[in-house]
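Encoded as structure tokens, the structure appears first; notes follow it.
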Amino acid sequence: MTDLPPSFSGPIVKLMVYPPPPAKGGITVTNEDLHCLNDGEFLNDVIIDFYLKYLVLEKLKKDDAQRIHVFSSFFYKRLNQRERRNATDTTSLPIQKRKHNRVKTWTRHVDLFQKDFIFVPINESAHWYLAVICFPGLEGPVFEKNPLYCGPTPASGSVADFQSEDSIPDHCRPLSPDGDCLDSPSELESSEDECSEDGTLAEEGVPSDVSSLASKPTILKQPCILIMDSLRGPTRSTVVKTLREYLEVEWEVRKGTQRSFSKEVMKGSSPCVPQQDNFSDCGVYVLQYVESFFENPPPRFHLPMNLSEWFPQQRMKTKREEIKELILTLQEQQELNLESKQEETPMGSSKEPDVQETSELKGKVSKMVISP
């Protein structure tokens with residue numbers, strides 16, 4: 001729930017690095033970080049970043065992983081940090097560009113507008129929640145044929161009501177669910193007025209009857225920012241506004257043109273999501289939101305969206321222990337791998353592979369199935 005150090009005493013011992021060398025960007029996990037996974041403790045940024053990286057590397061096929069981007073837990077903190085008083089070289093720039101300058105190198109190898117979903121874990125006021133930027137490359141709503149539609153074939157005149165899949169850019173094809181995904185079956189008309197001025201959403205009366213999804217001949221995909229918070233509290237209007245402004249500057253820097261990401265173009269929404277029943281599990285819920293998004297993504301993006309039954313509450317009772325066991329298993333594998341290298345690689349002999357196969361770990365967490 002916070003990025004402050006948990007209550008831990010004793011010497012700090014490095015447990016493992018994930019992913020292990022020679023892979024780049026490895027995250028070092030210590031016994032202090034492991035302590036965060038005890039009941040009642042607050043997850044720190046190391047556990048958040050480690051598990052999100054694990055989900056991307058182990059749960060997604062390579063092609064699917066190319067369609068999403070997960071920012072480090074430090075991204076939003078850096079983007080929104082207070083400026084130094086002696087920072088005089090950029091004072092003539094608008095605040096949006098000064099903010100962007102702080103993180104402009106974070107995407108030098110990534111085109112966010114070629115991604116379907118961008119995940120931004122955020123810690124504010126000792127509380128974790130998640131922002132998901134959806135379809136930033138789309139300029140507006142896109143209608144597609146509903147693969148689950150069970151009704152009569154639409155009249156020929158209604159073909160214009162949706163965009164042919166053949167005409168949708170590959171980078172804008174949304175993730176498809178591999179099973180029973182709970183989503184709001186709100187009527188299309190609700191998408192016109194679902195977003196308030198501050199980027200939040202009134203959620204009362206949002207049904208969750210997924211059976212109606214099959215009755216819709218078309219489904220809607222649209223650019224939006226989803227705020228998933230396990231502890232409903234203050235509105236996140238500032239977060240939505242900050243991310244919209246970031247996207248505008250990022251587009252200008254990368255594309256060389258100007259494009260609006262206003263609330264009319266990039267809607268803000270706060271879906272109904274499973275809620276925590278204590279004051280320490282918000283970080284665990286953020287990790288589960290991302291994992292559930294990978295496993296069972298929303299099949300459409302009519303707003304408001306109801307994901308209140310996305311995963312059973314009981315799932316959260318074992319989540320901490322599962323992550324702890326995963327870390328210890330990875331630690332054991334890396335230690336065995338190191339020992340085998342030292343014993344089996346004498347001077348002058350051929351090197352053993354640096355990265356140990358982790359297929360048995362992949363089986364511990366179900367993979368997401370994505371339709372092309």
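Backbone phi angles across the range 258-272, fed through the Karplus curve with coefficients 6.51, -1.76 and 1.60 (θ = phi - 60°), yield HN-Hα couplings of 9, 8, 7, 10, 5, 5, 6, 8, 10, 5, x, 8, 10, x, 5 Hz in residue order; Gly and Pro are listed as x. For the pair Gln314 and Ser92, the difference between a 0.36 nm per residue extended length and the Cα-Cα distance amounts to 74.7 nm.
Converting phi to 3J(HN,Hα) with the Karplus coefficients 6.51, -1.76 and 1.60 and the offset θ = phi - 60°, the range 273-287 yields 10, x, 10, 6, 10, 8, 10, 10, 9, 4, x, 5, 5, 4, 5 Hz in sequence order, with x at every glycine or proline. Shown are Val290, Val70, whose ranking by accessible area with a 1.4 Å probe and every protein chain present, most to least, is Val70, Val290. Probing with 1.4 Å while keeping every protein chain in the model, the per residue accessible area of the range 270-349 equals 41 Å².
Computed on protein heavy atoms with a 1.4 Å probe, the accessible areas place Ser292, Ser72 in the order Ser72, Ser292, largest first. Here Lys99 is the anchor, and the lysines within straight C-alpha reach of less than 21 Å, apart from those fewer than 8 places off in the same chain, are Lys77, Lys241, Lys255, Lys263. In this simple spin-label approximation, Cys150 and Glu343 carry label points 7 Å from Cα along the Cα→Cβ vector, and these lie 5.8 nm apart.
The values are calculated or read from the model by the stated rules, or taken from the named source; none is laboratory data. Values in this document were obtained by computation on a predicted structure and should not be read as measured data. Quick reminder, even Gly has a Cβ in these numbers, built from the backbone with ideal geometry, and neighbours come from all protein chains shown. All accessible areas refer to the heavy atoms of the entire protein, side chains included, with ligands and DNA or RNA removed. Shrake-Rupley method; radii C 1.70, N 1.55, O 1.52, S 1.80 Å.
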